[in-house]
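First comes the structure, then the notes that go with it.
The values are calculated or read from the model by the stated rules, or taken from the named source; none is laboratory data. Small disclaimer: the values here were computed from a predicted structure and weren't measured. Virtual Cβ from ideal backbone geometry, glycine too; neighbours counted across all protein chains shown. Keep in mind that these areas ignore ligands, DNA and RNA; they rest on the heavy atoms of the full protein, side chains included. Shrake-Rupley method; radii C 1.70, N 1.55, O 1.52, S 1.80 Å.
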Amino acid sequence: MKARIVGTGSYLPKKIMTNQDLEKMVDTSHEWIVTRTGIEERRIAAEDECTSDMATIAAQRAMDMAGVAAEDIDLIVMGTITGDYPWPATACIVQANLGAKKAFAYDVSAACSGFLYALSSANDYIMSGRGKRALVIGAETLSRSVDWTDRNTCVLFGDGAGAVLLEAQESESGVLSCHLHSDGNYLELLYQPGFGAKHPASVEGIGARLSYLKMQGNEVFKVAVRSLTQVSKEALTANGYTSADVTQFIPHQANLRILEATTKRLGLTKEQSFINVHKYGNTSGATIPIAIDEAYHQGLLKEGDLILSAAFGGGFTWGSTLIRW
Ligand code: ACO
């Protein structure tokens, strides 16, 4: 038995923010952003739109593709660091929106690796025989955690949601493995300092802009490339495959230079790598399920194909999965 992806869905907000728009907000240029990141534009949620709204639409689209009703979902796991509230879990709001009465729901906080961490949990749950169907979602409204006066970070991120529906099937196809890692020693290279228990909301904290994402980009870059390469090789080796066996590499879409450096180290060709970071920027936990949905609808994922996915993010956290489509 395997946990097989039987449905995919995604949602991107309508509003497009281009690099030219950013030129009017901070001291940057289209040329700098494209050269350093490959990002040309990103989507920004409408004022009345938040993470649960985008996640609900993506999840409903995955269920529609699979022809599965909300009452037949056993579990909803969502990777997000920009939930509607600090608590409870945004997955519970999605559960109510969908009317998935039987499902239990929780969020996973693993930043850009959130979707792969969520997928691993759902896969373990299905493989243990406790349930048959799980919705795995990655959704983020990063535009509300980004400091729009900080050119080092605000050019990188965007909003969006993606989802896959996993179903227990007697099949050779499905999730073959998940490998996850963390190293909390790197916390301050990429994090949001406030307003959790350490620095609760305060007037001073607002003045110090503690509720915004902070990052030391060049340090993150080096560890990201190293970790993505290592964890991708770990997935291939564990299953007895090499890079040549991979049909599509669908990595976390952080920026083009990280992706190109990683695919080069792995010996993967351009044709093997799926890239959409130029359109959406880094949507953290949402990049991989959005990319899977797009790749599927572009006819790039066919039965029997071998799909490798890897992510890296705040924590630090990183992970990979190998999927037989
Ligand atoms: N426009 C113009 N200039 C800028 C901008 C900007 N948007 N941002 C920074 N600069 C300037 C800096 O101020 C610096 O100027 P200085 O030399 O006068 O001090 C100069 O550009 C170089 O800055 P660096 O940070 O060294 O630039 P770098 O080449 O490292 O590129 C970048 C920065 C794109 C952030 C890169 O480090 C990177 O991609 N890091 C990975 C970060 C990432 O993707 N994080 C996402 C979360 S983790 C993940 O998803 C994997």
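Here is how the numbers come out for the structure above:
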{"item": "The chain: relative contact order in percent, alpha carbon pairs under 8 Å with at least 6 residues between", "result": "25"}
{"item": "Above-threshold pairs, the threshold being 28 Å between Cα atoms, out of Lys198/Lys233; Lys14/Lys132; Lys233/Lys270", "result": "Lys198/Lys233; Lys14/Lys132"}
{"item": "Long-range amide H partners of Gly160 with built H, under 5 Å", "result": "Glu140, Leu142"}
{"item": "Loop-located trypsin sites (Lys or Arg not before Pro) in the range 218-325 whose Cβ has at most 16 other Cβ within 10 Å (DSSP)", "result": "Lys302"}
{"item": "Long-range HN-HN contacts of Gly7 with modeled amide H, under 5 Å", "result": "Leu165"}
{"item": "Length gained when the stretch Glu31-Arg144 is fully extended (0.36 nm per residue, less Cα-Cα span)", "result": "38.2 nm"}
{"item": "Accessible surface, the range 2-171, averaged per residue in Å² (probe 1.4 Å)", "result": "41"}
{"item": "Reachable lysines from Lys15, criterion Cα separation under 17 angstrom, eight or more residues apart if same chain", "result": "Lys24, Lys279"}
{"item": "Among 309-320, 245-256, the order from most to least packed when residues are scored by Cβ within 10 Å on average", "result": "309-320, 245-256"}
{"item": "Sulfur and carbon atoms: percent of accessible area, the chain [1.4 Å]", "result": "50"}
{"item": "Sequence-distant aspartates and glutamates (8 or more away, or on other chains) whose Cα lies within less than 14 Å of Lys102", "result": "Glu71, Asp72, Asp74"}
{"item": "Cα centre as origin, Lys/Arg/Asp/Glu Cβ charges: the range 202-325 dipole, Debye", "result": "360"}
{"item": "Residue-wise HN-Hα coupling along the range 187-193, computed from phi with Karplus coefficients 6.51, -1.76, 1.60 (Hz; x: Gly, Pro)", "result": "2, 7, 7, 7, 6, 10, x"}
{"item": "Residue (of Ala46, Gly207, Ala122) at the positive-pole extreme of the chain, dipole from beta-carbon charges", "result": "Ala122"}
{"item": "Whole-angstrom gap from the range 219-274 to the range 1-68, using each part's C-alpha centre", "result": "22"}
{"item": "Reachable aspartates and glutamates from Lys222, criterion Cα separation under 14 angstrom, eight or more residues apart if same chain", "result": "Glu260"}
{"item": "Karplus-derived HN-Hα couplings along the range 78-86 (A = 6.51, B = -1.76, C = 1.60, θ = phi - 60°), whole Hz, x at Gly and Pro", "result": "10, x, 7, 10, 10, x, 4, 10, x"}
{"item": "Kirkwood estimate for the range 2-171, i.e. one over the average of 1/r between Cα atoms, Å", "result": "16.6"}
{"item": "Computed [θ] at 222 nm, helices only, for the chain once each DSSP H run of length n ≥ 4 contributes -39500 (n - 2.57)", "result": "-10000 deg cm²/dmol"}
{"item": "Cut-off under 5 Å, modelled amide H: who pairs with Gly314 long-range", "result": "Cys112, Ser113"}
{"item": "P(r) tail fraction, the range 176-324 - alpha-carbon pairs more than 23 Å apart, %", "result": "39"}
{"item": "Three-way shape call for the chain based on the alpha-carbon gyration tensor, with the a/c threshold at 1.5", "result": "oblate"}
{"item": "Antiparallel DSSP beta bridges within the range 2-171, as percent of all bridges there, nearest 5", "result": "70"}
{"item": "Calculated from backbone phi, Karplus (6.51, -1.76, 1.60) coupling profile of the range 310-321 in Hz, x at Gly/Pro", "result": "8, 9, 8, x, x, x, 5, 10, 7, x, 8, 9"}
{"item": "The chain: antiparallel DSSP beta bridges as a percent of all, rounded to 5", "result": "75"}
{"item": "Label-zone membership for the range 29-68, site Arg257, 7 angstrom Cα→C-beta point, backbone N under 19 Å", "result": "29-42"}
{"item": "Difference of contour (0.36 nm per residue) and Cα-Cα distance, Ala238 to Ser109", "result": "43.9 nm"}
